[in-house]
Amino acid sequence: MEAAGCRARALLLQLWCCLLAAAPRRCAGQTDLKSPQDIQVYAVNTNFTLRWNYTGNDTDVTFSAEYQWFGDPQTSETEWKELPGCQNVTDTECDFSSAITEYNDRHLVRVRAERKEDKSPWSSVFEMIPYFIAQIGPPEVHLQSINGAIKIQVSHAEPNQVQKMWVTLSSFKYNLVIWENSSDAEVRSQNIFPVDTISDLAPETTYCLKVQATLFFQEGLFSPIHCVKTTRKVNDLFCPANLKVFALNMQFHLHWNNPYKQHVNYTVQYLLGFFKTLPDDHSVKWLSVPRCENITNTKCNFTSIITVISAFYYLRVQAMSEYNKSCLSKEVKIDPLSTNEFGPPRIRLDISDVLLHVQISPPGGEENKVMRVHYYFSYRIVYWKNSSDNEEEKREKEIKQTIATISDLTPSTQYCVKVKALSEAYNKTSPFSNEECIKTSPDKMLPLIILATFVSALVAVLVVAVLIIFFLYQAYNKIKYVFFPSCTPPLNIEGFGEQLFGSPYLPTVEEPIESCYVIESIIEEVNQNDFKDYKHSKQSSRDSGNYSNDDDTSGSKGSEGMLEKEII
């Protein structure tokens, strides 16, 4: 029995082990906890808050976070560190501002859920550069009601923190939104300085306002709403009014009106605009303009204070009555390059051949280097013929140099020129200069053209005359040769055919024309023996009696005598 009981207990033990083996069992590292989701970091100035969502139904769950800082030289990039302020928290957010000290370095953050020994997988990693995700916090605002106006002082939201997110305090701009504390109030918005005065308000009226800080293109959070009631405004009759600035060629003058007809002394004060961008009180930074202290006239030349051309200046006038009572005027803002106007340039004309040279002196003169450097002048030249024709077309030419050459002009013609200066950078234009006129030189090519034409015509006439004379001479020789030959025909042909022609030289129409040639050769020497042979031949012919008679004999004798004479 005892053996059977042992076997039964052994079987039950094996069965229990099988049941335990068949039951689901968690391995090391496995948990039922879910990972946090939607990890976000919210940063306002240097305050950083980590937030997440948790969708599990577990109780007694806490959360812990880790981070990596890629700018930490003592930590490898793969090593995670516990995030201070975010360990074992029960809420779904935590403040870890103390952990972030470098706002331009890359940081990684992750979160997990924990319950006793169980730990969920890490959430997805949130990557951030603090400076790029931080918002500008709401500024602190202090108000004071003074003589119908509101003096406002705005300070940055992190004044007491050693480590600041925004280090360029002077780059902050402040946007003010103000309205009357009534149901149908009109809301208006304007830019203000850290220390400023809001005027043009109704007296004894409650106004509410809020301020927003902006940095470049990043807008901050609005401050809480503040309300203040204005006081009654007291008008001082001797306060300067209608302040106006006149600036020409970098010469600056301030003019104002004196509504108080009694004796008043004025002192003009100025403030460099940079001080207005600082949160400090700049009331002690105002300085007096030299030679504009305790003056009685209502104008002041303040050119001497414009030492930085690209800076802003503020002017105001303090009046002191005969009863030692003072009053400050409204402030006037001066931007030297935008406020300044420039006068007309000066020009000088010169002529060479038919080219017109225009030399331009910039507004303010050659010695005013400030204007030439900052305004980048270009010049518009207008020129035209100075004639009685009112519809003569005016032509224009734009240049960037101070010397211009105008071509395509008519010789011996008077031209007029005027010039004005332009600055595209500041969208400014000067008046036109005085008109200057000059006459172009005569055309030097015209005498050459006339001379060349005359010489060409003379040569042509001479050539034609030579040709005419040549042809006349040839015709004369031909006529002379035909009608008046210079040679005498030989005796043996002289008188030949007289009975046949009425004219010895002109042939008749009925008779055929024979070509005759004059033999001009002269027998210089005749052999006497040949002549004797000739005579003997002739005698023999006569003795033969071939068709001879007395007439023929006498003719032959005459011919022989003539021939002998000719030969001799």
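Table for the structure above
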| quantity | calculated |
| --- | --- |
| Heavy-atom SASA rank of Arg316, Arg346, Arg106 (probe 1.4 Å, accessible area, largest first) | Arg346, Arg106, Arg316 |
| Separation in nanometres of the label points that stand 7 Å from Cα toward Cβ, at Thr59 and Ser338 | 6.7 nm |
| Solvent accessible area, Å² - Glu93, 1.4 Å probe, full protein context | 80 Å² |
| Extension reserve of the Glu424-Val463 stretch, reckoned as 0.36 nm per residue once the Cα distance is removed | 7.3 nm |
| Inter-part distance where segment 166-210 and segment 242-277 are each reduced to a Cα centre, Å | 26 Å |
| Nearest-0.05 FRET efficiency for Asn265 and Asn301, computed from C-beta distance (R0 22 Å) | 0.80 |
| Amide H contacts under 5 Å for Phe312, placed H, 5+ residues apart | Gly273, Phe274 |
| Over 20 Å between alpha carbons, listed pairs Lys173/Lys210; Lys229/Lys276; Lys151/Lys233; Lys261/Lys325; Lys261/Lys333; Lys81/Lys164 | Lys229/Lys276; Lys261/Lys333; Lys81/Lys164 |
| Heavy atoms of Ile468 accessible to a 1.4 Å probe, total area in Å² rounded to 10 | 90 Å² |
| Inter-site label distance for Ser378 and Val177 at 7 Å from Cα along Cβ, in nm | 4.3 nm |
| Phe216 paired with Glu127, simple spin-label distance in nm, labels 7 Å along Cα-to-beta-carbon | 2.1 nm |
| Set of segment 291-329 residues, backbone N closer than 14 Å to the point 7 Å along the Cα-Cβ line of Asn147 | 316-321, 325-329 |
| Anisotropy class of segment 286-363 from Cα gyration tensor, a/c 1.5 cut | prolate |
| Segment 341-489 shape via C-alpha gyration tensor axes, a/c threshold 1.5 | prolate |
| Extension reserve of the Asn104-Thr90 stretch, reckoned as 0.36 nm per residue once the Cα distance is removed | 2.0 nm |
| More than 24 angstrom apart: percent of Cα pairs within segment 243-396 | 52 percent |
| Table column - 3J(HN,Hα) (Hz), segment 414-422, Karplus curve with 6.51, -1.76, 1.60, x for Gly and Pro | 8, 10, 10, 9, 9, 9, 9, 9, 10 |
| Karplus 3J(HN,Hα) series, Hz, for segment 284-301 with 6.51 cos²θ - 1.76 cosθ + 1.60 (x for Gly, Pro) | 8, 8, 6, 10, 8, 6, x, 6, 10, 10, 6, 9, 9, 7, 10, 8, 8, 8 |
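The values are calculated or read from the model by the stated rules, or taken from the named source; none is laboratory data. Bear in mind the structure is a predicted one, so any value in this text is a computation, not a measurement. Glycine gets a Cβ as well: all are built from the backbone with ideal geometry, and neighbour counts include every protein chain shown. Surface areas here come from the heavy atoms of the whole protein model, side chains and all, with no ligands, DNA or RNA. Shrake-Rupley method; radii C 1.70, N 1.55, O 1.52, S 1.80 Å.
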